[in-house]
Amino acid sequence: MKKRALLLICVLAALMTACQNGSKDPQTDKELTETTEEQKEREDTISIKDMKGTVEIPSDPRRIVDVSGSADELIAMGIPFVGSANTSMFDGTTVPDYLQEYFTENNVEIVGNYSGSVGDLDLEKIAELKPDLILMNIRHDKVYDQLKEIAPTAMIDDNINYVNWKGRFQQLGEWFDKEDVVHQWLEDYDVKASELSEKVKAVAGDETFAVLEANSVHFGSYYVYRTGGPGELVYDELKLTPSSGVPEDVWGEVVDAEYFSKIDADHIFFFSDDGNVGDTGDSPTWQNLNAVQNGNVYYGKNDVQYNMAYTPGGKLIYMEKLADAIINHANVE
């Protein structure tokens, strides 16, 4: 009996030693190996080129905080993120309608606004999210060093006007090894733009267009767009003809109401805070415009066009809204 008890104690001791030293079970060994491989993959880094030079970032980031305004691009590439600054340029807290479903379903936290026009980023909130990678743009260059203290930080290439959206998208594709996905998305975008252009030109032909905005900050001044935001969509994507007075090779110009006398557009897109002409309608130069006299003015709201006309997914939706306004002779809804 004592021999059997001693044998049992030895067996138990051997089993305990085996557990401490690692199980010899082939299936368990496989699971342990996979866990180690996954951990190693997460710890690996790659070198990328950004606006600051060469940067080391995780090869497989799991907790991205994006303050560069690249939510559309990340969604299109299938790359999750935990924090975003893709909020309204008018309040810095409201998520644009077309992004709300994704943000809600994926518990994306708001950490400020990517444009830098409505306040600073919430650095404390960013730190609380424990990111393993932060994406930023030059608008927030003043907090670059602070962001680097939180996590590896990459500054996407662009100027402050966000006109290089395709270049930004392609750069992200390179960083995340998603070049094929980006190429296909941009190809599909061009096809959609071409289809809409044909429909619009069947209605408007070679008639001329101007894209104007009543400035939300400086009352009495206006933007005349060309390559920026809605201007790019109207002229470069829908292939509509700019009227005289529309600047060339720049995002746009800031003008006063007297400048309208230089514009003889057959059609006008006019954006304002409330989507109406307001006091601008009292200006004699406005009343003398061809488009105004012929009833060819399409009104839209500033916040909507700002929130959609500068990022890929938003552009795709807003381009269709602009086309529908022309085809249906209606406002931009």
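If I take R0 = 41 Å and measure r between the Cβ atoms of N294 and K130 in this structure, what FRET efficiency does the formula 1/(1 + (r/R0)^6) give, to the nearest 0.05?
The calculated FRET efficiency here is 0.10.
Report relative contact order for region 226-265 in percent, whole number only (criteria: Cα-Cα under 8 Å, sequence separation at least 6).
45
Say each of K262 and T104 gets a label point 7 Å from the Cα, pointing the same way as Cα to Cβ; how far apart are those two points in nm?
Placing both labels 7 Å beyond Cα along the Cβ direction yields 4.6 nm.
Starting from the Cα gyration tensor of region 109-175, take the square roots of the eigenvalues, sort them a ≥ b ≥ c, and report rounded, prolate or oblate (rounded when a/c is under 1.5, otherwise prolate if a/b is larger than b/c, else oblate).
oblate
With a cut-off of 14 Å, note down the residues of region 258-300 whose backbone N falls inside the zone around a label point 7 Å from the Cα of A330 toward its beta carbon.
It comes to 298-300, nothing else.
Could you calculate the contour length gain from I48 to T285, that is, 0.36 nm times the residue separation minus the distance between their Cα atoms, to one decimal place in nm?
Length difference between fully extended and current span is 80.1 nm.
Using the Kyte-Doolittle scale, which helices in the chain average at least 1.0 and also have C-alpha atoms spread 18 Å or more along the helix axis, with helices defined as whole DSSP H runs?
The answer, listed by residue number, is 2-21.
Can you run phi through the Karplus equation (6.51, -1.76, 1.60; θ = phi - 60°) for region 256-264 and list ³J(HN,Hα) in whole Hz, with x for Gly and Pro?
After applying 6.51 cos²θ - 1.76 cosθ + 1.60, I find 9, 5, 5, 5, 4, 5, 8, 9, 10 Hz.
D157's amide H: which non-local residues (gap 5+, or another chain) put their own amide H closer than 5 Å, with H modeled 1.01 Å from N in plane and none for Pro or chain starts?
Under 5 Å from the amide H of D157 lie the amide H atoms of M51, each far enough along the sequence or on another chain.
Using +1 on the beta carbon of Lys and Arg, -1 on that of Asp and Glu, and nothing else charged, what's the dipole of region 140-282 about the Cα centre, debye to 20?
Dipole about the Cα centre, nearest 20: 140 debye.
Considering the zone a paramagnetic label at F219 would reach in this model (a point 7 Å from Cα along the Cα-to-Cβ line), which residues of region 266-293 have amide N under 11 Å from it?
Within reach of a label on F219, which here means backbone N under 11 Å from a point 7 Å along Cα→Cβ, region 266-293 contributes 279.
Counting only DSSP beta bridges with both residues in region 145-304, tell me the antiparallel percent, nearest 5.
About 40 percent, rounded to the nearest 5.
What number, in percent, do you get for the relative contact order of the chain if the mean sequence gap of Cα pairs under 8 Å and at least 6 apart is divided by its residue count?
13
Counting Lys +1, Arg +1, Asp -1, Glu -1, what net charge surrounds S47 among other residues with beta carbon under 13 Å of its beta carbon?
With Lys, Arg at +1 and Asp, Glu at -1, the net is -2.
Quick one: which of 79-92, 201-214 comes out on top by average Cβ neighbours within 10 Å, and what's the full order, highest first?
For the peptides 79-92, 201-214, the packing ranking is 79-92, 201-214.
For region 55-206, rounded, prolate or oblate, judged on the Cα gyration tensor with a ≥ b ≥ c (square roots of eigenvalues), a/c < 1.5 rounded, else prolate if a/b > b/c?
Here region 55-206 falls in the prolate category.
Once each part is reduced to its C-alpha centroid, what is the distance from region 118-180 to region 262-333 in angstrom?
32
Dipole magnitude of the chain about its Cα centre, charges +1 at Lys/Arg Cβ and -1 at Asp/Glu Cβ only, in debye to the nearest 20?
1540
Counting only protein heavy atoms and using a 1.4 Å probe, what share of the accessible area of the chain belongs to carbon plus sulfur, as a whole percent?
It is 49 percent, rounded to a whole number.
Farthest toward the dipole's positive end in the chain, which of L99, V224, F269, given Cβ charges of +1 (Lys, Arg) and -1 (Asp, Glu) about the Cα centre?
Of the listed residues, the answer is L99.
What shape does region 162-223 have by the C-alpha gyration tensor, where a ≥ b ≥ c are the square roots of the eigenvalues, rounded means a/c under 1.5, and otherwise prolate means a/b greater than b/c and oblate the rest?
oblate
The values are calculated or read from the model by the stated rules, or taken from the named source; none is laboratory data. What you see is a predicted model, and the numbers here were worked out from it, not measured in a lab. All Cβ positions, even for glycine, are placed from backbone atoms using ideal geometry, and neighbour counts span all protein chains on display. Heavy atoms of the whole protein, side chains included, go into the accessibility calculation; ligands, DNA and RNA do not. Shrake-Rupley method; radii C 1.70, N 1.55, O 1.52, S 1.80 Å.
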